[in-house]
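Note sheet for the following structure.
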Amino acid sequence: MPRLTDPITIRDMEVKNRLGYPPMLSFSSLPSGAPSEATYMIYEEKARGGIGLLTSEATAVDPHSHSGEGAQAYLGVDENIPAYKKMADKIHKYGTKIGMQLAENGIIHFLGKVLAAQGELDVIGPSQVDPVHATSAYDLMMPSWEKTLKKDGSIIREMTLEEIPKFQDQFAKGAKRAIQAGYDYVEIHSAHGTLHASFLAPYYNMRTDHYGGSLENRTRFVTETIEKIRAAIGDKPPIFVRISADELLDDGYRIEEGKKIAQILEKSGVDCIDVSMGNMIRSPQGIQIPSYFDQGSFIHLAEAVKKVVNVPVIGVGRITDLKMADEFIQQGKADIIYMGRQLICDPDTPNKYFNGQLDDIKQCTGCLQGCNLPPQTCIYDAFSGRLYQKLVPSTELKKVVILGAGVAGMEAARMLKLRGHEVDIYEISNEIGGLMPLLAAEYKKEDFMNIITYLETQLNKLDVPIHLNKNLTKEEIEALNPDIVVLAVGSDAKVPINLEDRPNLLTQDEAILKSKPMGKDVIVWGLDTFWKGGAETAITLIEQGYNVKALIGSGVLVAGAVIMGTGRRFWILDYLKTHDIPIVKKAKLLDVTENSVTFLDENKKEHSIEANTLVYCGSRVSRAKALKKQLSGISAKIVTLGDAKRPRDIQEAMKDAQTFARKLK
């Protein structure tokens with residue numbers, strides 16, 4: 001049985017191992033569509049990390065699709081070839097093979113048209129279908145979506161028979177340019193709702209000509225593109241095609257039809273099938289996969305395709321553990337494993353794994369918080385990716401006492417120690433992690449503790465002491481003689497002052513940790529996620545058997561903190577819709593009694609819902625204010641980080657810590 005570390009040959013191309021980086025948008029291109037210095041940095045760190053295969057992000061070849069704003073890579077002109085040649089040369093230095101994914105967004109252009117207000121934009125597809133249904137994920141996530149589309153007069157224009165070969169020719173010319181630039185292979189993006197994918201989808205393709213109807217006809221646009229690319233690039237370079245083997249939609253094609261598509265593609269000359277799933281504008285949870293899905297939960301799709309074709313198959317889908325990836329290879333479930341967000345989280349994952357440094361790997365949490373939008377930095381490290389900055393030793397070493405062993409305190413300690421400072425952490429409670437254990441106790445969010453596991457391991461290796469159950473007095477701190485005292489003491493959950501005496505009013509913390517009695521009929525106040533949660537807290541309580549009667553809050557969006565984490569936010573909203581949970585926005589809380597919760601809706605109309613518990617997910621208050629007063633006059637410099645500085649989220653807490661540690665001389 002092959003292993004993850006074994007080479008594999010695709011057509012005539014030998015790949016050094018079976019781990020790759022998938023085509024993920026980096027949003028880093030120059031206005032010309034050529035790669036920028038940031039693009040080079042993003043991709044080179046992945047190759048340096050030890051992968052065998054790297055497919056660069058979706059690259060446009062149609063000049064009408066390229067916005068000229070750097071939003072998408074573009075190789076529709078010869079002038080960009082030298083810049084892409086520089087990219088290929090950088091990747092080849094590490095023995096990694098690089099390919100280019102060629103893509104035309106098609107109906108996905110609606111996101112640019114509506115969200116980015118790009119105005120007049122020719123949105124094309126195989127057929128003229130209802131744009132609201134065609135973008136149903138956004139109709140769920142944005143209440144005004146349908147109204148906006150109708151206001152703009154948005155339509156999906158059916159491609160003419162004259163246009164189809166022109167697009168195919170553009171793909172062939174783009175593929176030829178990629179090979180001229182030194183790329184080893186090319187890939188057609190026929191997944192996730194792109195133009196090629198939309199021809200495969202029965203709800204998009206209503207054509208009655210030879211490009212619609214039967215499965216063979218629906219794949220014709222793709223297979224003809226393959227033929228033209230092969231004629232343009234010659235016999236040697238491999239051609240990959242990425243497909244959604246299962247669209248995860250009741251009215252889309254599922255895996256049985258996905259297998260037949262794969263077989264047709266193989267017969268048309270495809271050398272490798274890149275198996276993905278979902279549709280970016282209808283079922284994004286298959287693309288931006290949140291932690292609610294178990295790791296590797298989509299590998300069965302690659303396995304199903306592999307059983308019916310004889311070309312190599314790539315598996316992808318929230319695979320963050322290289323041991324798991326190796327097992328999938330050995331079990332014959334895929335020939336190659338792609339890791340996307342894990343390699344954004346830690347580009348050195350492969351080398352660390354191959355060298356046996358397993359506990360040095362930063363494991364992805366599945367939060368989707370930082371990796372989906374510029375500058376595409378993981379919550380672990382604000383100075384990664386295109387913002388990478390080398391950590392250098394300090395020239396003026398300090399003695400630092402850190403109060404609080406949450407994410408901000410632990411990360412500050414790690415960074416300071418790496419720079420040469422003397423550091424001790426003092427934690428008032430009997431456990432590390434601050435609010436992270438609370439967050440990780442919510443439904444399917446156990447992986448959020450990966451950050452704490454990593455930090456604890458690194459601090460142990462660096463010999464940074466963590467003193468638990470230590471509530472230091474001012475005198476005890478002075479006796480330690482520190483140069484700097486860091487307050488990373490976190491925050492406390494609060495309820496409205498006028499309702500503090502209500503016994504059946506619980507904070508989010510109390511409800512999740514079950515530290516206070518709670519009735520079975522529950523209303524959750526708060527519409528967001530993370531510390532000011534509500535949405536995920538409601539889901540957690542439902543999964544625990546509580547009767548959540550409503551989700552209410554003063555905000556205007558549900559799960560707005562993860563608005564760019566589309567897969568996560570869509571899953572949350574779809575769950576609440578499926579479970580028929582009433583949602584009230586722009587509300588004002590009036591009263592909580594033993595049997596009901598009273599509030600005003602956005603029209604100032606009063607409502608009362610029967611319930612014996614209100615879980616209040618609202619403001620948090622920093623613990624630093626009182627502590628600063630207590631330490632007044634201390635000789636050391638006082639620095640406040642994380643929630644103690646201002647209650648926010650994990651990403652900001654980590655950034656606070658890293659910025660502070662890096663700025664010390």
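Every number here is computed from the coordinates shown, using simple stated rules; none is lab data. A quick note: this is a predicted structure, and the numbers were derived from the prediction, not measured. Every residue, glycine among them, receives a Cβ derived from its backbone with ideal geometry; neighbour counts consider all protein chains shown.
Annotations
- Peptide packing: for 452-460, 47-55, the average count of neighbouring Cβ atoms within 10 Å per residue gives the ranking 47-55, 452-460, highest mean first.
- Partners of LYS267 within straight-line reach, counting aspartates and glutamates whose Cα lies under 13 Å from its Cα and excluding those fewer than 8 residues away in the same chain: GLU216, GLU224, GLU227.
- Mean Cβ count within 10 Å, highest first, over the residues of peptides 183-192, 217-226: 183-192, 217-226
- Using a cutoff of 8 angstrom between alpha carbon atoms and counting only pairs six or more residues apart, the relative contact order for the chain works out to 11 percent.
- Averaging the sequence gap over all C-alpha pairs within less than 8 Å and six or more residues apart, then dividing by the number of residues, gives the range 246-338 a relative contact order of 28 percent.
- Percentage relative contact order, the range 8-385, counting C-alpha pairs under 8 Å, at least six apart: 17 percent
- Distance from the range 524-581 to the range 351-411 (C-alpha centre basis), Å: 29 Å
- Each of the peptides 439-447, 567-575 was scored by the mean count of other Cβ atoms within 10 Å over its residues; in descending order, highest first, they stand as 567-575, 439-447.
- Mean residue ellipticity (222 nm) of the chain, computed from DSSP H runs ≥ 4 via -39,500 (n - 2.57), nearest 500: -9000 deg cm²/dmol
- Cβ-Cβ FRET estimate between GLU422 and ASP521, R0 fixed at 51 Å, reported to 0.05: 0.40
- Computed magnitude of the charge dipole of the chain (debye, nearest 20; Cβ of K, R +1, Cβ of D, E -1): 1300 debye
- Cα gyration tensor shape for the chain, rounded if a/c is under 1.5, else prolate or oblate: oblate
- Rounded if a/c under 1.5, otherwise prolate or oblate - the range 8-385, Cα gyration tensor axes: rounded
- Fraction of beta bridges assigned by DSSP in the range 1-106 that are antiparallel (%, nearest 5): 25 percent
- Entries in LYS93/LYS307; LYS86/LYS390; LYS445/LYS549; LYS97/LYS306 that, when Cα-Cα distance is taken, lie over 30 Å: LYS93/LYS307
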